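The values are calculated or read from the model by the stated rules, or taken from the named source; none is laboratory data. Since this is a predicted model, take the numbers as computed values, not measurements. Cβ: placed from backbone, ideal geometry, glycine included. Neighbour counts: every protein chain shown.
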Amino acid sequence: MSEILPLCADVDDTHEPVPFIDLVSQHAPIADDVQQAVARIFAEQRFVLGDEVAEFEFEAAAFCDSREAIGCASGTDALLLSLMALDLQPGDEVITSPYTFFATGSSIYRAGATPVFVDIQPESFNLDPQAVEAALTPRTRAILPVHLYGQCAEMEPIWRLAVRNGLSIIEDAAQAIGAEYHGRRAGVLGTLGCFSFFPTKNLGGAGDGGLITTDDAEMSARLRRLRVHGDVGNYQHLEVGLNSRLDALQAAVLRVKLPHLDSWTAARQRNAEQYQSLFTDYDLLDAIELPATLPGRRHVYNQYCIRIGDGRRDEVKQFLQQRKIGCAIYYPLPLHLQPCFEYLGYDAGALPEAERAASETLALPIFAELTFEQQERVVQAISLALGRDGKKSSPASIPAPKYLSIGSKEASEIG
């Protein structure tokens, strides 16, 4: 899912900026390794698929604990290829979330099926399994849960619905590489898992890239065929596919970054815990709602989204931007209310939790290199924006140890 970062307006030059995301800080320690990897690709002059992509697919599959991984050109294509592999027909329905990036719904449409949007759980922003069950019809072919912001959806009841009704599950894990649900990683919680390597993701490339994971060898072989126009070799096309090959340059960059992913994730988790302490210290828990990590989850915090009610979210956003503090709204208009999906017949108010989330959520900086001082600037500015005095009501928080994790055995073992 490729997303465009927002620009901050009304800048107040008297304040030191806090970026929403700082890719330069992440790149600096690994710059030599990345440059060497890229130089190797240029020296070999092998730019599309090939050994570099195959090696990355093997390493990514091991990371996700899947038997197979198939690289492709983007997270959007990962979704589309996965849906194409289900042989959907006109009139077939795929149930999904309206509170997600546009590619989730558009891929269902492009695959020739009908998106069926159902409401979300307010505490996780993910699909409500009861709403999924209520939406099932004889035309339902698949369920497409989104692991939004880096936390897995409630998968066990979704699995049961899928098994009982003979449905496929395609995970939109674009924001959730490394996330876990009761010890199992995103990407192996359904039939197929779809990932994005857009630069702002937790594992981001130097451009677009995507990946599909599966334990089904036959499905893997078909997806490898679909990504190259349905070609099985020697210009023999068994079906019409796409041109969606992962570039070797992207694979090389991602191979350098992948070994760092758990430590970067642990740093994001540490930052989430420090936000909890700071918002408590500034006595703001009565005015905002912090993101929740549900039981049995490893939350990887691609985004850290707070809720600001009483219609005050937009004024807080503007206040932060005036002080050069990066922030963003993910997502301001749910998919069921997008103009291109008017034909589906949803009215405002049809999916109230998704609509409420769209009006209340604000994403704050959470990148791994974010400092405690920068986080305190963010929280203090929110305090002032809400009419508080911007002062702590309790003793100063002590920054948590580096890489302190929340619910992550692997991350807690990193030094």
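Key figures
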| quantity | calculated |
| --- | --- |
| Within segment 113-127, considering residues that are more than 18 Å from the chain's Cα centre (by Cα) and not in a strand (DSSP E or B), the one surrounded by the most Cβ atoms within 10 Å (Cβ to Cβ) | 119 |
| Qualifying residue in segment 296-311 (condition: of a type in the set (Gly, Ala, Ser), at negative phi, out of contact with any Pro (no Cβ under 7 Å at 6 or more places or on another chain) and crowded, with 21+ Cβ neighbours inside 10 Å) | no |
| Filter result (among the β-branched types (Val, Ile, Thr) and over 28 Å from residue 189 (Cα atoms)) within segment 33-87 | 34, 38, 41, 48 |
| Test: residue in segment 157-179 that is free of Cβ contacts under 8 Å to residues at least 24 places away in the same chain, part of a loop (DSSP other than H, G, I, E, B) and either farther than 17 Å from residue 48 by Cα or in the same structural domain as residue 53 (by TED's automatic domain parsing) (or both) | yes |
| Subset of segment 128-148 [polar (S, T, N, Q) and crowded, with 18+ Cβ neighbours inside 10 Å] | 140 |
| Looking only at segment 216-240, and only at residues there that are in contact with an Asp or Glu (Cβ under 7 Å, 6 or more places away or on another chain) and outside any helix (DSSP H, G or I), the one that is nearest to residue 265 (Cα to Cα) | 230 |
| Residue among 149, 99, 109 that is in the same structural domain as residue 186 (by TED's automatic domain parsing), part of a helix (DSSP H, G or I) and within 26 Å of residue 269 (Cα to Cα) | 149 |
| Meets criteria (assigned by TED's automatic domain parsing to the domain that holds residue 207, in contact (Cβ under 8 Å) with a residue 60 or more places away in the chain, more than 22 Å from residue 179 (Cα to Cα) and not in a helix (DSSP H, G or I)) for residue 40 | no |
| Of all residues making up segment 319-360, the number that are within 23 Å of the chain's Cα centre (by Cα), aliphatic (A, V, I, L, M) and part of a loop (DSSP other than H, G, I, E, B) | 3 |
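Residues checked against (1) modelled with pLDDT of 95 or more; (2) buried (at least 18 other Cβ atoms within 10 Å of the Cβ); (3) in contact with a Lys or Arg (Cβ under 8 Å, 6 or more places away or on another chain); (4) in the same structural domain as residue 118 (by TED's automatic domain parsing):
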site: 349; (1), (2), (3), (4): yes, no, no, no
site: 352; (1), (2), (3), (4): yes, no, no, no
site: 357; (1), (2), (3), (4): yes, yes, yes, no
site: 367; (1), (2), (3), (4): yes, yes, yes, no
site: 379; (1), (2), (3), (4): yes, yes, no, no
site: 407; (1), (2), (3), (4): no, no, yes, no
